[in-house]
Structures are given as C-alpha cells and as structure tokens.
There are 2 protein chains.
Amino acid sequence: MPITADQVKQLREITGAGMMECKKALAETEGNLDKAVDVLRKSGAALADKRSGRTANEGRVDAYIHPGHRVGVLVEVNCETDFVARTDEFGELVRNVAMQVAAAGAEFVRREDVPQDRVAREREILAAQVQGQGKPPQIVEKIITGKLDKFFAEVCLLEQPYIRDDKRTVADIVKDAAAKTGENIVVRRFARFRLGQD
Amino acid sequence: MPITADQVKQLREITGAGMMECKKALAETEGNLDKAVDVLRKSGAALADKRSGRTANEGRVDAYIHPGHRVGVLVEVNCETDFVARTDEFGELVRNVAMQVAAAGAEFVRREDVPQDRVAREREILAAQVQGQGKPPQIVEKIITGKLDKFFAEVCLLEQPYIRDDKRTVADIVKDAAAKTGENIVVRRFARFRLGQD
C-alpha cells in the first residue's frame, strides 16, 4: 500500500508525533495505520494525549491587582513556544486567568493539587451532613461524591465556572486556547493575596 | 516635682503610649520618669518597641512583572491606616519592594521565616567548608556565624542590600518609611514566579 499524505496527517493527528517519524512508521508497517500507531507508541514518539503530553516550559507570568490594592494575584501559564507566549491572545488568556483567581478565590489549580488531608477533612464534614438522613449506603456515597465535586468546583481553578461565561469552566477556556494555538497550555500555579488575610 | 511638657514628651517617646496616659502615669509617680515608664508597661499601655508593636492590618497588595513576563512578583506590605496606604509614597515603597524581590531573588522576608531544617542544612554545608582548615573551635564558630549571616543577607529580603542604594538594606528603607509616616510598616509576604522554575 503506498503511503499517502492523508495517512501521514491522520497518524500525526492521532499520535502527535513528528512528520518524519510518522512517515517512517508508515513505511515500516507498509501503510497500515493501526500498526503504525503502535510502532510510534512503542518508540515513545507518540503521546497518550496528543497535546497534553508535550512539555510546556514557555509561557507568561502575569498579575492582576484589583482596584483598591486589597486583592492581588500572580499567575504562571505555560505553553510550548515563546512565539505563542508573546501573542496578544495568550496574554489575554493569562490576564483572564489572573482575574478569575482574584474574583472567584480559587485555592488550587486542579483537584489533584488538593492535599489528601484536606480532601479527607471535607469528606468527613460532608458525610456528617448526610448522616442521619436514613438513606441507603450507596445513595449516601453518591451524595457525598456529588458534594465533593461541588467542593472541588469551588476551590479548584480549572473546575470553576468561568466568570465571563459561567456555562463553561476555566478548563474549557484553557482547552479552547490550546486548540487554537495547537499547543499544550497549562496553568502552572498562582498566588492570591488578600490584604490582612493569610 | 511638677510635671513638665518635656517629661510627657519623653515618656511618650519611650513608651509610645497616648498623651493622656502619659500625663496620668507621671502624676501617679509624682514626676518620676522611670517609675512612670514602669507604670505604663504594667498597664499594657506602653509597647516594647514603640511602633513595631502596633497592629498593621492596612496596606497594599501590589505586583511587579519584569519586562518579558518571565519573572513576576506579588507583595503585601502593611501599615496601620488606610490613609497612609493610599499615599503615593507608600505606593512607591511597595513597588520598590516588589522590584527588589524580582531583581534580588529573596526567598524569605526575614531570617525568622527561614525553616529550621534549611538553616541546619546551610550550617552543615558551611561547617564542612571551614573544616580541616585547622582553626581553633571558637574561630570556626565565628566564621560559620559570619557565613550564615551572609546566607541570610542573600535569601532574606529585609537583610538584602537595597538595589537602588546598596549601602542600605531593605529593612532600612522600610524603617525610613515607618519613621516618615509614624506608622508601623511591615513587609508581610511575597510570591516570586520565575517562568519554568519552581
């Protein structure tokens, strides 16, 4: 089977591997797309999730100081190339993320960042709330999970409703930007200071 | 002994207590300044360090983003009144502190903030450097203390030489502002992000 440009394109889409690597893999498997995917995955050239596996070490550090200087936020958002980092759109994304942190008071970037003991404490509190309502155990577990999700959505930036469009989450906004730029975009960290409050 | 205005002034200078309280204390001790100081200290009206004991819960949060957006700093500096917080001079102080953090890369505000294990680790490294130089123990201890001071002066913001005038420390600059405003001014905290570096 001759290797077509379309196949190479498809293979790139699926694996995120480089053009030459895709051509080589297809040549090796004589045009068999599925086998080519395997070849690339084995060699490590393919990534589990096309974009999100790629290293994002460029980006921007920016800040938002709320008028009155009583609340301020510092944020770092990464992308893959300095080129994208310098675009107006990326700058706007970073500023919007900073403003989100200031306005909605997130404590963590993502739920994986919430310390285990905090999750445990939250779970305990929520379990106590549901207790004594006489509901069957599996329902109780569902309720607790639901309430925990709500907790994560309050304190985890990426799960919060976006202040400029609350039908979408902050994660959605970041994914949009990633899709537009074709690069892996990651909200790396933030700091939020509120005057007089640790 | 009649109570003079000068005595009241002196007593205020020493204790930082209010005018009426100073007059009262001097009346109680019949003009004996030293005893009046004790009276005020016992009653809690005097403060160990005139200004630095006063609560500073007002102030400003500000940021400095270095051109290029690869380094950014968020800082909170406290003072006692919203009035001082809103002055241009205070704003300038806070911005200068932020710039200092960005430029000189402090890790902590003051040496008391350095975790014990970090100090211990530093001490170990410095002790190893001095070891084997065949110096007497008390000299070795002096050398280590000197090197530790140097370490604190590098990583502790308040002990760093001020970038705009390296004959003075950041603590000096803050003290100046405190003297000028008559208020307790405290650098409460800061965050420093350098792109790609935790």
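The values are calculated or read from the model by the stated rules, or taken from the named source; none is laboratory data. As the structure is a computational prediction, the values presented were derived from the model and not from experiment. Ideal geometry is used to build each Cβ from the backbone, glycine not excepted, and the neighbour counts take in all protein chains shown. Please note that ligands, DNA and RNA were not included when accessible areas were found on the heavy atoms of the full protein model with its side chains. Shrake-Rupley method; radii C 1.70, N 1.55, O 1.52, S 1.80 Å.
Annotations for the structure displayed:
- Selection from segment B:132-147 of residues that are of a type outside the set (A, V, I, L, M, F, W, C) and surrounded by fewer than 14 Cβ atoms within 10 Å (Cβ to Cβ): B:G132, B:Q133, B:G134, B:K135, B:P136, B:P137, B:Q138, B:E141, B:K142, B:T145, B:G146
- The listed residue being among the β-branched types (V, I, T) and within 30 Å of B:C79 (Cβ to Cβ), out of A:V109, A:V101: A:V101
- Boolean, A:T15 is hydroxyl-bearing (S, T, Y) and within 13 Å of chain B (Cβ to nearest Cβ): no
- Inside segment B:7-18, residues that are within 26 Å of the chain's Cα centre (by Cα) and at pLDDT 80 or above make up a count of 6.
- Selection of first residues in segment A:152-163 that are over 11 Å from A:G105 (Cβ atoms) and of second residues that are open to solvent by 30 Å² or more (accessible area, probe 1.4 Å) and of a type in the set (S, T, N, Q), restricted to Cβ pairs under 9 Å at least 6 apart or on distinct chains, gives the following pairs, ordered by first then second residue: A:A153/A:T169; A:L158/A:T169; A:E159/A:T169; A:P161/A:T169; A:Y162/A:T169.
- Residue in segment A:164-189 that is most open to solvent (accessible area, probe 1.4 Å), counting only those that are in a helix (DSSP H, G or I) and over 19 Å from A:A104 (Cβ atoms): A:K180
- All positions within segment A:148-163 that are open to solvent by less than 60 Å² (accessible area, probe 1.4 Å) and either part of a loop (DSSP other than H, G, I, E, B) or within 14 Å of another protein chain (Cβ to nearest Cβ) (or both): A:Q160
- Conditions (1) away from chain B (no Cβ under 14 Å); (2) closer than 30 Å to A:Q129 by Cβ; (3) at pLDDT 95 or above; (4) surrounded by fewer than 18 Cβ atoms within 10 Å (Cβ to Cβ); number of the one not met by A:R194: (1)
Matching residues to (1) within 14 Å of chain A (Cβ to nearest Cβ); (2) open to solvent by less than 40 Å² (accessible area, probe 1.4 Å); (3) aliphatic (A, V, I, L, M):
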| residue | (1), (2), (3) |
| --- | --- |
| B:V61 | yes, yes, yes |
| B:P67 | yes, no, no |
| B:V75 | yes, yes, yes |
| B:V84 | yes, yes, yes |
| B:L93 | yes, yes, yes |
| B:D113 | yes, no, no |
| B:V130 | no, yes, yes |
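- Residue match in segment B:96-106 (condition: part of a helix (DSSP H, G or I), within 28 Å of A:L195 (Cβ to Cβ) and not aliphatic (A, V, I, L, M)): yes
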